[in-house]
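Below is one structure, written out as structure tokens, with a few remarks after it.
Here, each number is a calculation from the coordinates, and none is a lab measurement. Computed from a prediction, not measured in an experiment: that's the story for all the values here. Here the Cβ is made from the backbone with ideal geometry for all residues, glycine too, and neighbour counts use every protein chain on show.
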Amino acid sequence: MNDTDLPDPHSLMSLADQVVLITGAASGIGKAQVELFLAAGASIVAVDVNEQGLERLCHLGEVARLHLQVADLAQADDITRVINSALERFGRIDVLCNTAGVLDGYKRSLDIDEALWDRVFAVNIKGLYRLTNAVLPGMLARGKGVIINMASVAGCFAGGGGAAYTSTKHAVLGYTRQLSYDYGRKGIRVNAVCPGMIETGMTTAVLSDRESKLMKVLASVPAGRLGTPLDIARVSLFLAGPGADFIHGAAITVDGGLTIK
Ligand SMILES: NC(=O)c1ccc[n+]([C@@H]2O[C@H](COP(=O)([O-])OP(=O)(O)OC[C@H]3O[C@@H](n4cnc5c(N)ncnc54)[C@H](O)[C@@H]3O)[C@@H](O)[C@H]2O)c1
């Protein structure tokens, strides 16, 4: 390889002309993805059940490249509406970030009722499957597409959530690998991100309890700090772009070293 073969490093992080659909866009990691991906030049379909949170994204001032969609990912009709509206606005979806998720209150199996169990599964895995299936046909027709699923270190180990949350995040990793296996050779690149402890709306309660088990674990994290939503958005941006072209079906741990032992 000579110097002329080297890509422009900036191009590896550019999403100019790309259309990215991001769920969980109103808060935390999804919101940071919206902000960073907009800055990288993408047009964004920002999806969340939290209407007020979505409206706060308007302060980004990129209205022409930002399409807000209020939707409950547990509702099949909402997903159909979101996809139709996104295609009407931008014509295609190049990158899907399945970021939205809900926690289960760290409940053990005997303590969780079926309603909460079903809700956690409906949002964290069935919603993700429905949205993926709604976006995949267009990607396959173009022979190109990227899907980034937000798993968790709770997808690799016990103790990062309760019985339902941990089960769904393990399922997200299995689903990611199977999608990659089934569609990789058709031009679809699917990967998962496994965040550790990130300061977001989801973790406010547990992180404000200085005596909690998780806070004690944090004391030994090599990075010496909690993660930020931007830590995860940066890795998502890399995975969405051409620099990650040879990464298929991976589970990328971004946890400051939380799970090294
Ligand atoms: N914060 C962490 O420490 C952490 C760690 C590992 C994985 N994760 C994962 O990262 C993802 C984002 O979480 P976060 O920490 O940013 O949490 P968050 O609570 O700040 O954001 C989650 C967003 O998802 C939205 N959402 C929830 N249910 C929805 C539904 N039915 N339909 C549409 N939108 C819905 C919420 O309104 C919210 O805006 C989740 O999948 C979570 O499991 C977070």
### Task
Could you calculate the FRET efficiency of PHE157 with CYS58 from 1/(1 + (r/R0)^6), where r is the beta carbon distance between them and R0 is 35 Å, rounded to 0.05?
0.35
#### Entry: Mean-position separation - Cα centroids, the stretch 9-46 and the stretch 58-116, in angstrom
15 Å
### Query
Say R0 is 41 Å: what FRET efficiency, to the nearest 0.05, do LYS144 and GLU211 get from their beta-carbon distance?
0.25
#### Entry: Three principal axis lengths of the chain [C-alpha, angstrom, descending]
52, 48, 40
### Task
Would you work out which of ALA192, ALA205, VAL63 lies farthest towards the positive end of the dipole of the chain? Charges go on Cβ: Lys and Arg +1, Asp and Glu -1.
ALA192
### Task
Find the lysine pairs in the chain meeting two conditions, Cα atoms under 16 Å apart and a separation of 8 or more places or different chains, and report how many there are.
5
### Task
Please express the Cα-Cα pair-distance distribution P(r) of the stretch 131-261 as a list of whole percents, one per 10 Å bin, running from 0 to the bin with the greatest distance.
12, 39, 31, 14, 3, 0
#### Entry: Order of GLU88, GLU211, GLU55 under a 10 Å beta carbon neighbour criterion, fewest first
GLU211, GLU88, GLU55
### Task
Determine the relative contact order of the chain: mean sequence separation of Cα pairs under 8 Å and six or more apart, normalised by residue count, in whole percent.
20 percent
### Query
At what distance in nm do the modelled label points of ARG234 and PHE246 sit from each other, each positioned 7 Å from its Cα along Cα→Cβ?
2.3 nm
### Query
Which whole-number percentage describes the relative contact order of the stretch 100-168, with Cα contacts under 8 Å and a sequence gap of 6 or more?
52 percent
### Query
How would you order 153-161, 105-113, 134-142 from highest to lowest mean count of nearby Cβ atoms within 10 Å?
153-161, 134-142, 105-113
## Note on the structure
Put in order of increasing Cβ neighbours within 10 Å, starting from the fewest, TYR181, TYR175 give TYR181, TYR175
### Task
Can you put HIS248, HIS59 in order of Cβ neighbours within 10 angstrom, beginning with the fewest?
HIS59, HIS248
### Task
Run through every distinct alpha carbon pair of the stretch 80-121 and return the Kirkwood hydrodynamic radius in angstroms, one decimal place.
13.2 Å
### Message
Suppose R0 equals 30 Å. What FRET efficiency, 1/(1 + (r/R0)^6) with r the Cβ-Cβ distance, do ARG119 and ASP8 give to the nearest 0.05?
### Response
0.10
